[in-house]
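First up is the structure itself, then whatever we jot down about it.
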Amino acid sequence: MHPDLRIRRSVIVRARLAYDEADAAFRAEVQRAAELVPEARRRSYWSIGNPGSPIRRLYERRDRALQRLTVALVKFDTARDRLSARRRPERATRILLLPR
């Protein structure tokens, strides 16, 4: 693997681990909140909390981690495409002209 791609891949791995951690923390907190207010879950209220609340902070942390993961994946794909284009030699177009 090309060194540039190896670096991009390690960024993806770290971003994925950060997202998994943030997602697990958010889900655990939502589950704890559902235990306190079971009616909210049955009525399909999906509240992420007031600004500054612990659940809102966890939600925003998870959202930022997901955005970083998405950007890392796009950058990896861009770098891979750029390197493959650089390795691929340009093909010359040949036109065959035949006399009548």
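Rule-based calculations on the coordinates, nothing more; no lab input. The structure presented is a predicted model; accordingly, all values stated were derived computationally and were not measured. Using ideal geometry, Cβ is built from the backbone for each residue, glycine included, and neighbour counts are taken over all protein chains shown.
Charged neighbours of LEU58, selected by a Cβ distance under 10 Å, balance to +1 (K, R count +1; D, E count -1).
Specify the angular offset, from 0 to 90 degrees and rounded to the nearest 10, of the alpha carbon long axis of helix 54-87 from the longest principal axis of the alpha carbons in the chain. The angle comes out at about 10 degrees. The angle between the Cα long axis of helix 3-36 and the main principal axis of the chain comes to about 20°, on a 0 to 90 degree scale.
Using the Cβ of ALA22 as centre and a radius below 15 Å, the other residues enclosed give a net charge of +3, where K and R count +1 and D and E count -1. Hydrodynamic analysis of the chain uses the Kirkwood radius over alpha carbon pairs. Inserted into Stokes-Einstein at 10 °C and 1.306 mPa s, it gives a translational diffusion coefficient of 91 µm²/s. Only the Cβ atoms of Lys and Arg (+1) and of Asp and Glu (-1) were treated as charged; on that basis the dipole of segment 3-81 about its Cα centre amounts to roughly 100 debye.
Please work out how much length the chain gains when fully extended from GLU35 to ARG94, using 0.36 nm per residue of separation minus the C-alpha to C-alpha distance, in nm with one decimal.
Numbers: separation 59, 0.36 × 59 = 21.24 nm, distance 7.16 nm.
Extra length from GLU35 to ARG94 when fully extended: 14.1 nm.
Sorting 13-23, 77-87 by their mean Cβ neighbour count within 10 Å, with the most densely packed peptide first, gives 13-23, 77-87.
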